[in-house]
Amino acid sequence: MTFRDSANVTQTVTRSQLISITAGTPTTLSINSSSQTVTNRATLSDLAITVLDDYGNAAAFGSPTSIAATVSSGANLGLTPTLSGTANRSTDTNTSVATFSGLSLAGKVDTYTLTFASNGLASTTHTVRVTHGAASNLVISAPTTAANDRTFGSNVVVDIVDLDGNVVTSGNQSTQTISLSANTTLTGTRAISATAGRATFTGLRMLGTVGTKALEASIGVPSSISNTANIELGFGDATRLVLSRQISGTSNRADFSVQPVITVQDSSGNTVTNYSQQISATFTAVGSATATLTGTTARSVSSGVTTYTNLRLEGKVGQYDITFASGSISSTTQRVTLTHGSVNAVVLTGASTASNARTLGSAIRVEIQDADANLVTTGTAASQSIALTVSGATLSGTTTRSAVAGAADFSDLVLTGTTGEKTITATILDPSTRTGTRAVTLSHGAATQLVLTTQATSATNRSAFGTQPVVSVRDVSGNPVSDFVGRVSVAVSSSGSNTASISGTAFRDLNGSPDATFSGLGLNGESGSYTLTFTSTGLTSATQSLTLSPGTATNLELVAPASAANATSLSTSVVVRIRDIDNNIVSSSTGQINLTVTSQNTTLSGTVSRNAVEGVATFPGLSITGLVGTKTIRAELASPSLAAT
């Protein structure tokens, strides 16, 4: 230091001392970055805010300082975004620094200013440029109304936007394909690659019924995203005439009972209510018939519709095309049939022959005709009930039908009865009772059964039947089937324990003949009751019950006790049975049977001659007298000559 001494002489003295200077009073805030650019709703880079004194010193001030972050309106649009994240933080007591992490801005693309402030301190700012975020939605600008099958009055513009409506103008998402669809027919270019997030669709048309239609736009990146806009579709240009109510009731020289109603429509069938030209009716004959179309044939249109009131055809029965036309739009035509006069006759055509119990080979057609043989196709008489009957047989199937346009086809008729000519009669009641007939010759039908016309008689064992059976092949009504080809067989059965077999030829082959006449048939076996069954494949069998009698006696059966006491009555009677070759007792035999003893010096006592009763002779009370030993009793029948011992 320099000073003056007491002598007023300048003196310089040098001394030094170390002084430690600390931060002063906090006065201002400082930020580590002045600006950044970030996509909408993305997290900002971390921002460090430092508390300084007047000389820019940062140090620990002994206690934390609370700092708040706020955002201002955009520089261009003047809109305030949403600040998300922790917007209030305190400094670290050692560093006087507060770090803001996780902040984000949500809003429109613009430049925004973040201000960091603390009570009593000078604030600091940070500039943030927000760009668009990822595609999140589509915004459709489209006309609210459209006419059917006409180009839209204005283009459809579709923007790809993020969550806050910012158009996605850059990146792959901004140039992707935008597709349009609708809940009705949509024509024109419906898929366009966006430019800077926008696609403009020109020349679009909607086709469909009038009403509210939904136009949908969609993209696929970053995911499937779509949005819709409603368009009210109205009728379009008139393109055609349509018979909205058709003509009916076309009787000659009478106004059509139902007059036509013509509607003017666009290409999708919508009524064009502002159409103003007249509609005219003309006709042409389909065939050679001629007629005249009368009434008011040209009419004006009201609200897209015209109703005729007095059209009629006058002329010959036949088909006519009635055409309705107006200007250059498409006409419409209806073909009608002009009907004839009143009922005069009932005429039957169709089958003239039939097989019994089979559907007729062709249908019986019944026509209700007028006096000139024209079919009466209209009126109550043309749809009345027609009933069929037959004489001399049974008529089945659908025998009553309602006429359709004056005619009825009976296609499932069946005649059942005996062969011969039958008459089918058709009856109607309107306008009065009238009938018509047709003769049909009935022949036999399909073979269904066997009928035993001649029964077998005189069934004796091992002999041919006295009367040989005759079996006839018949249809369901019992008519002989003269053209039958097949085999008729016979078999025998018994309900008891007795058995027998057929002898002779047990079948007959028929070739165009109804009758199977058997010859040489008989039964071999045990006598008793039997059933003969006659069969042929697919036919109902025929049966006959008969009793087989024993045949000719061929042997004797002698039954006697095995031992006897001399000169003493035998313990049981001696029994002799007369039997045929199959061991049947010949019950018809009453011949005399004689008993003898063939042993020498032996006598058989008692009644030793008896007549058989139903083929059996019983000898009670016999005794044998003689020397002890084996004795032989012999039985003899004179006619036929038989013996047994």
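The values are calculated or read from the model by the stated rules, or taken from the named source; none is laboratory data. Remember, predicted model here, so these are calculated numbers, not experimental data. Cβ coordinates were reconstructed from backbone atoms using ideal geometry, including for glycine residues, and neighbour counts include every protein chain displayed. Just so you know, the surface numbers come from the protein's heavy atoms only, side chains and all, with ligands and any DNA or RNA stripped out. Shrake-Rupley method; radii C 1.70, N 1.55, O 1.52, S 1.80 Å.
Numbers for the structure displayed
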{"item": "Label selected from (i) 0.98; (ii) 1.53; (iii) 1.02, the criterion being Rg/Rh (Cα atoms, Kirkwood Rh) as computed here", "result": "(ii)"}
{"item": "Mean-position separation - Cα centroids, segment 569-645 and segment 511-547, in angstrom", "result": "41 Å"}
{"item": "Protection proxy ranking of 519-530, 575-586 - average other beta-carbon atoms within 10 Å, highest first", "result": "575-586, 519-530"}
{"item": "Simple label model, 7 Å out from Cα along Cβ direction - THR209 to SER73, nm", "result": "5.2 nm"}
{"item": "Antiparallel content of DSSP bridges confined to the chain, in %, to 5", "result": "90 percent"}
{"item": "Protein accessible area in the chain, 1.4 Å probe - carbon and sulfur %", "result": "46 percent"}
{"item": "Efficiency of FRET between GLU232 and ALA196 - r from beta-carbon atoms, R0 25 angstrom, step 0.05", "result": "0.20"}
{"item": "Separation between Cα centres of segment 426-491 and segment 65-144, rounded to whole Å", "result": "111 Å"}
{"item": "Dipole axis of segment 482-608 (+1 Lys, Arg; -1 Asp, Glu on Cβ), positive-most option in VAL488, SER503, SER563", "result": "SER563"}
{"item": "Rounded, prolate or oblate (a/c below 1.5 giving rounded, otherwise prolate when a/b exceeds b/c) for segment 507-574 by Cα gyration tensor", "result": "prolate"}
{"item": "Cβ-placed point charges (K, R +1; D, E -1), dipole of the chain about Cα centre in debye, nearest 20", "result": "620 debye"}
{"item": "Cβ-based charge dipole, the chain, positive-most Cα from HIS444, ASN32, ASN344", "result": "HIS444"}
